[in-house]
Amino acid sequence: MLELKLSFLVSFILLIIHGQSAETEWNTKDYFKREHSLIKPYQSTGMTIPYWDFLGSTMVTNNYVRLTADEQSRFGALWNSVPCHTRNWELQVQFKITGKGKELFGDGMAIWYSRDRMQPGPVFGSTDFFSGLVILIDTYSNHNGEHNHQHPYISAMINNGSMHYDHDRDGTHTQVAGCEAKMRNVDHDTHIAIRYEYDTLTVFTDFEKKNSWKECFSVAGVRLPTGYYFGMSAATGDLSDNHDVVGVRMYELFSDERDKEDRSKITPSAISFEPPREHISDPKSSTSGFKIFLYLVFGSIAVVACVIVGVMVYQKHKEKSRKRFY
């Protein structure tokens with residue numbers, strides 16, 4: 001009887017120990033990286049932010065980092081100072097885009113994973129011909145170029161340093177994927193998640209305050225190096241908006257045996273790009289064949305009408321001449 005009680009007691013103690021060890025097991029599949037994240041309160045001393053640098057019109061407040069105010073011809077950027085050496089990662093950005101404009105507003109903001117940081121330029125406040133990945137949140141209300149989507153619009157571009165972002169086409173000829181997104185002037189913060197895992201790039205959004213992610217697009221065959229920098233930038237032109245970053249959270253995702261490849265020296269690339277898409281309501285940059293056909297038809301009709309009218313006028317004039325002769 002005593003042996004049975006001792007056996008039960010030992011089993012009970014082992015069960016407790018096993019339960020405690022199971023509860024405290026560390027989940028490495030979702031590892032928060034503080035050095036790549038931005039969490040309130042932002043400031044430590046003065047106007048510096050740990051792990052982050054900013055330039056342009058960027059202004060730090062207690063509740064957000066404002067990249068641009070709702071003013072014309074402004075740009076601002078916020079760049080992480082620590083390179084990311086993680087193969088698989090997810091970046092979640094909490095932001096707001098607001099402004100006084102009802103029908104006319106812009107230009108938009110961008111989220112970067114780029115080799116070169118703190119480089120101002122024409123691509124939503126950052127440099128063109130970059131190397132890496134950019135997620136573009138284009139809010140410009142007057143469409144540029146030929147495409148069939150509405151704005152605001154989210155798209156992704158992979159660049160090896162050789163491609164130009166063409167504002168006149170809204171970048172449709174170099175994007176790998178995109179989706180329409182309604183996030184401007186809502187009364188709550190909006191969220192976007194960029195997940196890069198085993199060469200698949202997926203972008204999720206939560207713009208409706210549902211606390212759940214909605215897939216915007218997913219693209220396989222995207223190769224990105226390690227050692228690049230995260231950043232956010234924004235710009236205004238003749239049209240403007242407030243572009244605010246509220247928070248950034250970066251997570252290292254689970255890695256397995258496929259991660260033995262050295263990714264530090266590879267060139268950013270994507271298997272395919274979306275073809276440029278026509279926007280039927282935009283004016284054509286050159287006259288189309290169908291328009292030329294219409295011009296020829298109406299021109300021919302006009303010529304025939306002129307000939308008929310001329311013949312009729314000539315005949316009437318000839319009849320009057322005969323009457324005067326008799």
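The values are calculated or read from the model by the stated rules, or taken from the named source; none is laboratory data. These figures come from a predicted structure and were not determined experimentally. All Cβ positions, even for glycine, are placed from backbone atoms using ideal geometry, and neighbour counts span all protein chains on display. Remember, those area values only see protein heavy atoms, side chains included, never the ligands or the DNA or RNA. Shrake-Rupley method; radii C 1.70, N 1.55, O 1.52, S 1.80 Å.
Structural remarks
- Taken over segment 208-224, the criterion of being part of a loop (DSSP other than H, G, I, E, B) and crowded, with 19+ Cβ neighbours inside 10 Å is satisfied by Leu224 alone.
- Yes/no for Tyr251 being open to solvent by 20 Å² or more (accessible area, probe 1.4 Å), assigned to a strand (DSSP E or B), touching a Ser or Thr at 6+ places or on another chain (Cβ under 7 Å) and modelled with pLDDT of 90 or more: no
- The C-beta contact set for segment 83-94 (first residue modelled with pLDDT of 95 or more, second residue buried (at least 20 other Cβ atoms within 10 Å of the Cβ) and not in a strand (DSSP E or B), distance under 7 angstrom, 6+ apart or interchain) comprises Cys84/His36.
- Among the residues of segment 194-207, the ones that are in contact with a Leu (Cβ under 6 Å, 6 or more places away or on another chain) and open to solvent by 20 Å² or more (accessible area, probe 1.4 Å) come to 1 in all.
- Of residues in segment 268-292 being out of contact with any Asp or Glu (no Cβ under 8 Å at 6 or more places or on another chain) and surrounded by 13 or more Cβ atoms within 10 Å (Cβ to Cβ), the one modelled with the lowest pLDDT: Glu274
- Counted residues, segment 35-71 - those being touching a residue at least 24 places away in the same chain (Cβ under 8 Å), open to solvent by 10 Å² or more (accessible area, probe 1.4 Å), assigned to a loop (DSSP other than H, G, I, E, B) and closer than 18 Å to Lys96 by Cα: 7
- In the set (1) modelled with pLDDT of 95 or more; (2) open to solvent by 30 Å² or more (accessible area, probe 1.4 Å), Ala77 fails one condition alone, (2).
- The number of residues in segment 225-246 being under 16 Å from Tyr196 (Cα atoms) and either more than 17 Å from the chain's Cα centre (by Cα) or surrounded by fewer than 21 Cβ atoms within 10 Å (Cβ to Cβ) (or both) comes to 5.
- Selection count, segment 72-117, where residues are closer than 22 Å to Glu252 by Cα and part of a loop (DSSP other than H, G, I, E, B): 10
- Look at segment 223-234: where a residue is basic (Lys, Arg) and a partner is surrounded by fewer than 23 Cβ atoms within 10 Å (Cβ to Cβ), sitting 6+ places away or on another chain with Cβ atoms under 7 Å, you get Arg223/Asp199; Arg223/Ile266; Arg223/Pro268; Arg223/Ser269.
- Residues of segment 178-205 that turn out to be within 21 Å of Gly106 (Cα to Cα) and either within 15 Å of the chain's Cα centre (by Cα) or at pLDDT 95 or above (or both), as a count: 11
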